[in-house]
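Report on the structure given below.
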Amino acid sequence: MIITPRVRGFICLTSHPKGCEQNVVNQINYVKSKGTVEGPKNVLVIGASTGFGLASRITSAFASNAATIGVYFEKPSAEGKPGSPGWYNTAAFEKQAHEAGLYAKSINGDAFSDEIKQKTLDLIKADLGQIDLVIYSLASPRRVHPKTGVVHNSVLKPIGQTFSNKTVDFHTGNVSEVSITPASEEDIENTVAVMGGEDWAMWMEALKAADLLAPGATTVAYSYIGPALTEAVYRKGTIGRAKDHLEATAFTITDSLKDLNGKAYVSVNKALVTQASSAIPVIPLYISLLYKVMKAKGIHEGTIEQIQRLFQERLYTGGEVAVDEKGRIRIDDWEMREDVQAEVATLWEQATTETLPQIGDLNGYKTDFFKLFGFEVAGVDYEQDVNEVVEVPGLV
Ligand code: NAD
Ligand code: NA
C-alpha cells in the first residue's frame, strides 16, 4: 500500500516500514562510524523499540557486538493496517543484527506484567544464561499493577498551583498561553506508580532471583531534569515526582546487587522529540528553541548520539563512571550549559506565533516528529507501493 501520515494531535496513526527501516540503518551507521566500545556482552532492553531504548539496543549491538533481547509494546502490522513504528523499527533492527551475525530476539507485550517478565526470564535462561546490562527505558501513560490489578494512569500536571506559560501547537506553529491545573494527591501517586522505579526494581529482583545477572551487572534507567522554564510542569510536577522515585530506586537496586558487585544508574538525558515528549505541554516550544540554539553551536544530538556518548564516554570508559552529586550520569550536560540555557531563556521571552519560525527550529521539531513514524526520511520514496506486513524476525 501507499502509506501517508495520518496525524491526530500529537500522535500519528500510521507509520512507514521503509522510513522506519532507514532510520534504524542510519542509527546503526552512526554507531559504527564512532568505532567499537569495549562494552556489554548480553543486554536486556526494556522499552527497546523506539526512542532512547532503541538507541541503547543499537549501540549495544553495533558498538559492542552484544547479544540483545528487546521487550516492548507495539502494534503488529496487518494487511491494510500499518504496524506501530516500534514494530517496524524492531523488524529492521533484528534483520540487520542477524545479518551481522548477532543474537537478537524480542518479546512484544506488557512489561509491567508478571507474565512478560516470566517469558523474558525463560528466554534469557534458554538462550543467554546471564545478562550484564539491563536498560530500563519504558515510557507509558498507564500501568496495570501486577500485584493489585489496579490501573494507574499517569498525568502531566504541576503540583500545588496552576501553571500558566507559553506552548506551541507544532503542527500549526501557533504559540498560545496554556494553563494547567494542579494535580491531586491521587494523580501524583498514580504517576509515580507508572513512571517511578517500582517496576524497574521488580525486573531487577526477578532477574536476580532467577540467577540471570552476571557478576558486575549494570542497569541503567533514563531521567530528565531540564531548565527552570519547564520546571513547574516537568521536574517539579507529577512526572518529576516519578523521576525522583526512579532516581531513588537506583540506590536501592544497587544495594540489592551488592553481592554481585552490580550497579544501578540513572542517566539524565537531553530533551528530544519522541512519542512520549511530544505529549507534554510547553516542552515542544522549549525543544524547538533548544534545537535552534544547539544546532547553531554545533552541539545538537539525537537519541543515538546521546546513547553512543553514554556508552563510550560514561559507562564503558574502562574507569570509574562519572556521576553528579546525586549519583546520576549526566548526558544532558550540553543542553544544560549556561550559554545554551541563557539563549533559550531570551528566545522564550520573544517567542510568538509570528517570531517562532525565525527564532525557533519548528521545522526541525516537525521533521523529527514525522521521522518517529518513518515519514520525511531522506532516501525513502513515499510514492512507492510498500508491503505493510512486516515480520519481526526475532520475535518470540
Ligand atoms: P518512547 O515512547 O520512544 O519509548 C518507550 C518505549 O517503551 C517503547 O519501546 C515502547 O514500546 C515501550 N513501552 C511502553 N509501554 C510499555 C509496556 N507497557 N510494556 C512494554 N513496553 C512498553 O520514549 P522515550 O522518550 O525513549 O523514553 C524512554 C525514557 O527516557 C523514559 O523514562 C523518559 O522519561 C526518558 N527520557 C526522555 C526524554 C525525552 O526528551 N524524550 C529525555 C530524558 C529522558
Ligand atoms: Na525507549
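Only the coordinates and a few stated rules stand behind these numbers; no lab work does. As the structure is a computational prediction, the values presented were derived from the model and not from experiment. We place every Cβ from the backbone using ideal geometry, glycine too, and count neighbours over all the protein chains shown.
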Segment MET336-ALA100, extension gain: residue separation times 0.36 nm, minus the distance between their alpha carbons: 81.2 nm
Give me the number: length gained by fully extending GLN384 to GLU325, i.e. 0.36 nm times residue separation minus the C-alpha to C-alpha distance, one decimal in nm. 16.0 nm
Taking 0.36 nm per residue of separation between GLU186 and LEU260 and subtracting their Cα-Cα distance, the length gained on full extension comes to 22.9 nm
Debye intensity ratio in log₁₀ form over the Cα atoms of region 255-315, taken at each q of 0.22, 0.23, 0.26 Å⁻¹: -0.96, -1.01, -1.14
Per 10 Å bin, what is the whole-percent P(r) computed from every C-alpha pair distance within region 139-287? 11, 35, 32, 16, 6, 1
To check my understanding: the extent here is largest minus smallest coordinate of the Cα atoms along each principal axis. What are those three numbers for the chain, in Å, largest first? 59, 50, 43
Note down the magnitude of the dipole of region 1-87 about its Cα centre, charges +1 on Lys and Arg C-beta and -1 on Asp and Glu C-beta and zero elsewhere, to the nearest 20 debye. 140 debye
Pairwise FRET efficiency - VAL151 versus LEU13, Cβ, R0 = 35 Å, nearest 0.05: 0.90
Once every DSSP H run of n ≥ 4 in the chain is given -39500 (n - 2.57) and the sum is divided by its residues, what mean residue ellipticity at 222 nm do you get, rounded to the nearest 500 deg cm²/dmol? -12000 deg cm²/dmol
Among THR14, THR274, THR172, which one shows the highest mean-square fluctuation when the chain is modelled as a Gaussian network with alpha-carbon springs under 10 Å? THR172
How big is the dipole moment of the chain about its Cα centre under a simple scheme where the beta carbon of each Lys and Arg is +1, that of each Asp and Glu is -1, and everything else is neutral? Debye, nearest 20, please. 160 debye
Name the residues whose placed amide hydrogens come within less than 5 Å of the amide hydrogen of GLU74, ignoring near sequence neighbours (fewer than 5 apart) on the same chain. GLY109
Taking the Cα of LYS32, stepping 7 Å toward and past its beta carbon, and measuring to each backbone N in region 286-330: which are under 18 Å? 304-305, 308
Bin by bin, in steps of 5 Å, what percent of the Cα pairs in region 161-200 do you find, going until the bin that has the longest distance? 6, 19, 15, 14, 14, 17, 12, 3
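I'd like the projected area of region 23-138, averaged over all directions, using the convex hull of its alpha carbons. Report it in nm² with one decimal.
Working: hull surface 28.7 nm².
Approximately 7.2 nm², given one-decimal rounding.
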Here, region 325-396 modelled as identical Cα point scatterers in vacuum has Debye log10 I(q)/I(0) at q = 0.18, 0.19, 0.22, 0.26 Å⁻¹ of -0.93, -0.96, -1.07, -1.20
Taking amide H positions as placed in the peptide plane 1.01 Å from N, state which residues far from ILE131 in sequence (5 or more) or on other chains have amide H under 5 Å from it. LEU213, ALA214
Of the listed pairs LYS95/LYS208; LYS34/LYS270; LYS297/LYS366; LYS41/LYS258, which have alpha-carbon separations greater than 27 Å here? LYS95/LYS208
With springs only between Cα atoms under 10 Å apart, run a GNM on the chain and tell me which of LYS34, LYS157, LYS105 wobbles the most. LYS34
Once you place label points 7 Å from the Cα toward the Cβ at GLN161 and THR367, how far apart are they in nm? 4.1 nm
Give the span of region 51-97's Cα atoms along each principal axis, as three whole-Å numbers ordered largest to smallest. 38, 19, 14
Run the Debye formula on the Cα coordinates of region 272-365, all scatterers equal and no solvent, and tell me log10 I(q)/I(0) at q = 0.12, 0.17, 0.20, 0.21 1/Å. -0.44, -0.81, -1.03, -1.09
Specify the residue with the greatest mean-square fluctuation among GLN384, GLN96, GLN306, computed from a Gaussian network of the chain linking alpha-carbon atoms under 10 Å apart. GLN384
Based on the inverse mean of 1/r over its pairs of different Cα atoms, what is the Kirkwood hydrodynamic radius of region 178-251, in Å? 13.8 Å
